[in-house]
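Below: the structure, in structure tokens.
Only the coordinates and a few stated rules stand behind these numbers; no lab work does. Worth saying up front: this structure is predicted, and the values here are computed from it rather than measured. Cβ: placed from backbone, ideal geometry, glycine included. Neighbour counts: every protein chain shown.
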Amino acid sequence: MAYDEKLADRLREYFLPLKKTEEKRMFGGVCFMLDDKMCVGVSRDRLLVRYDPALQDEIIEKDGVEPMDFTTKTMKGYAFIAPEVIKNKKQLDYWVNLALEYNPRAQSSKKKKAPAKKKK
């Protein structure tokens, strides 16, 4: 299934002025990376947000929030946000800023290259 291009365009406005950003296709949609760390994305018509896992209980209680669950295990610190709760800029600002505030403390999932094996 395709992802919501209009939502992706709205997110690009936040990330275009920032340095060290990258847009990647993943989760059947698009993800916006900051400093080699996943920050936000679009999956189908939903916003995907990465936030401080310590806020998990508080965040999942909010309207329109669904914990991210790709493997039957809830991924703490990640949630899908329904389109009806990100209709205006103020609503979207809340979620994007939540992700941007956590990003400096987030772990990078970038895999390091294994050292080359020496020939015998």
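Which of the residues that make up the stretch 10-63 are farther than 23 Å from THR74 by Cα and part of a helix (DSSP H, G or I)? Passing the criteria: ARG10, LEU11, ARG12, GLU13, TYR14, PHE15. Taken residue by residue, the stretch 88-111 has no member that is in a strand (DSSP E or B) and not polar (S, T, N, Q).
Taking the stretch 2-48, which residues are on the phi < 0 side of the Ramachandran plot and touching a residue at least 60 places away in the same chain (Cβ under 8 Å)? Those that are on the phi < 0 side of the Ramachandran plot and touching a residue at least 60 places away in the same chain (Cβ under 8 Å): ASP4, LEU7, ARG10, LEU11, TYR14, LEU34, LYS37, MET38, CYS39.
Filter the stretch 61-81 for residues that are on the phi < 0 side of the Ramachandran plot and surrounded by 14 or more Cβ atoms within 10 Å (Cβ to Cβ) and give the result. Listed by number, the residues that qualify are VAL65, PRO67, MET68, THR74, MET75, LYS76, TYR78, ALA79, PHE80, ILE81.
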